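This report concerns only the one structure given below.
The values are calculated or read from the model by the stated rules, or taken from the named source; none is laboratory data. On a predicted model such as this, the values are computed, not experimentally measured, just so you know. With ideal geometry, Cβ positions are generated from the backbone for all residues, glycine too; neighbour counts draw on all protein chains shown. Accessible surface is based on the protein model in full, side chains and every heavy atom, while ligands, DNA and RNA are left aside. Shrake-Rupley method; radii C 1.70, N 1.55, O 1.52, S 1.80 Å.
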Amino acid sequence: MRHAPIGELLLEKSLVQPDDIEKVLTLQQSVNGRLGSLLIRLGAISEDALLPVLSDQLGVPIVSDQEIPERLSIYRDMQGANINFEWFLSQGVVIWFEEGEALVCIARDIVDSHLAEVLQYNFPGFKTNYRLATSAQLDQILDFLEQEHSVDNLIGDDGDTRHLKELAEEAPVIELVNNLMAQAVDADASDIHVEPQEKTFVVRLRVDGVLQERMSQPMERFAAVASRIKLISGLDIAERRLPQDGRNTTRISGQELDLRVSTAPGVHGESIVLRLLPKDREDYSLDNLGMEADHLQLMYEWAALSNGIVLVTGPTGSGKSTTLYSTLVATNDGLQKIITVEDPVESQIHGITQIQAHTEIGYSFARALRAILRQDPDVIMIGEIRDLETAEVAIQSALTGHLVLSTLHTNDAVSAFTRLTDMGVEPYLVAAPLNGVQAQRLVRRVCSSCCEPMDIPDDIAEQVTSLPETLKGSSWVQARGCEKCSGTGYKGRIGIYQLVPVTETMQEMIVSGAPVNEMKHLAESEGYRDLYHDGLIKASRGVTTLDEVVRVAKGEH
């Protein structure tokens, strides 16, 4: 252990300047605080640089994220202590037990003599192992503990909130919810729907875009299950009359997942939907999306442009975010500054600056966009253009030399033009920056283990004649169902796409306010096929079935 003053050690390592130490020593005379903390506050050193020096000086190791137990476990350890819980929160102290009668402590000030006295008095016979933690680590744990403590003290209108929390922490309820989520992960489900009915509640999983019922439970168990889900996602157990949104990161069946939880009050109780988002996705690539060769070439061309807007359209759950991330990866050559604004950030991509919008505190897409324009970006990705303000900032960004990627909720590619004008964007401002628009849907892949050959109807055969010879096939199949696909006949999904470049003729039609049908006819005459015909190509090669293409895209034809 080094007993030299921290300031001297920092100077030895050239981590701070002598002037910085003098300023802090002067500041200490009027402000209470440790020298290291004040140096961080003045911006003279980062916490990451300071902690290793403090660790060397004090002989106290730095705690890693892997060493920190589950937060609920920490909460239970602290709850069982003979110390007022409010003291832990006010002093910024976190403790948990280790095997062999040892206590681990992280705190805002681990060298505080009062802290050592309190722990020694209340935990006689226990050895206290101090650890250094970053402010972010400590703040996250303290926020969770404060929330748990608040829930513990809540009493609902009917007086049973405490009872519900106790139920939510009972082993059978924990096991039921954990088993439910494990089933969803094992089935590659994207969502879990918990739906209360009059006498039972039903659990359905969305697998390959289609809901499948997996469990039915008596309604008496619903309150405990709902409370458990709320508890792990940071929602208010006592609130049942208003919608709530929460999130959490968890590990299920060996996978790190982000959970997004939504509740909505219904006639028989709250409908709860959990979206499962894999945390580590390393397969983002345009080549993996199932695009035909002509579409793939066009997407790579759009990704290589230096300015303008590329829009990806489609309904919720159609894979727009995956396409955007894959396009970002295609642009990420290490020579460009790429910044995203998302709500939420669904996947973290190496080499890209990703920003989380928070509309509830006024940090909207538009406000975040204005901020990042001062960050000297080359490529900007906006999670979704939702309103006129965001659209205007996106257009301005594109017109001033940035490539902007974003999504829009429309049924097909051409409708994006009228959607923007309906928002209030002037037609000439819609036409000028747009490079191209892509629409997409997801169709289920047919199960290769049980599919059977089929003959197609004459009207379909006639439609297929107009498709490019180099792309279409003659391996039409129909789904049957087997053990490998759980009897559905399908396993996995693939995208069908429509890509429409904004040519000069299309720009003129947008500016003149031409009807959508006329713009669709122009796109078709220029050789750009719609979603339905792209689906027929995949069905002709035996990737999916004709029934699936009709189910998903017939209305877009």
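Summary table below
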read-out	value
Rg and Dmax [Cα atoms of the range 58-146; Å; Rg one decimal, Dmax integer]	11.9, 31
Calculated FRET value between residue 220 and residue 469, using beta carbons and R₀ = 56 Å, to 0.05	0.35
GluC sites (Glu not before Pro) within the range 477-557: DSSP coil, no more than 16 neighbouring Cβ in 10 Å	483, 526
Simple label model, 7 Å out from Cα along Cβ direction - residue 102 to residue 32, nm	3.2
Candidate residues 482, 105: accessible-area rank, largest first, probe 1.4 Å	482, 105
Gain in span if fully extended, residue 143 to residue 504, counting 0.36 nm per residue against the direct Cα distance	124.5 nm
Full-extension gain in nm, residue 264 to residue 126, via 0.36 nm per residue minus C-alpha separation	45.0 nm
Cα-projected label distance for residue 452 with residue 422, points at 7 Å along beta-carbon direction, nm	4.3
nm² value of the averaged projected area, convex hull over the Cα atoms of the range 251-319	7.9
Distance histogram in 10 Å bins (all Cα pairs of the range 273-403, percent per bin)	11, 44, 36, 8, 0
C-alpha center-to-center spacing [the range 385-450, the range 226-282] in angstrom	30
Qualifying trypsin sites (Lys or Arg not before Pro) in the range 263-351, DSSP loop, other Cβ atoms within 10 Å at most 10	none
Exposure ranking of 295, 358, 521 by accessible area [1.4 Å probe, largest first]	521, 358, 295
Unit Cα scatterers, Debye sum, the range 166-250: log10 I(q)/I(0) for q = 0.16, 0.22 Å⁻¹	-0.64, -1.23
Calculated FRET value between residue 279 and residue 462, using beta carbons and R₀ = 41 Å, to 0.05	0.30
Helix 135-153 vs. the chain, principal-axis angle (Cα, 0 to 90°, nearest 10)	90
Chain lengthening between residue 521 and residue 186 when straightened (0.36 nm per residue, less Cα-Cα)	116.2 nm
Backbone N under 18 Å from the residue 179 label point (7 Å along Cα→Cβ), restricted to the range 221-245	221-229
Two-site FRET efficiency, residue 41 against residue 336, from Cβ-Cβ distance with R₀ of 35 Å, rounded to 0.05	0.55
Per-q log10 I(q)/I(0), the chain, q = 0.11 Å⁻¹ (Debye; single scatterer per alpha-carbon; no solvent)	-1.16
Dipole of the chain, positive end: most advanced residue of 225, 135, 415 [Cβ charges, Cα centre]	225
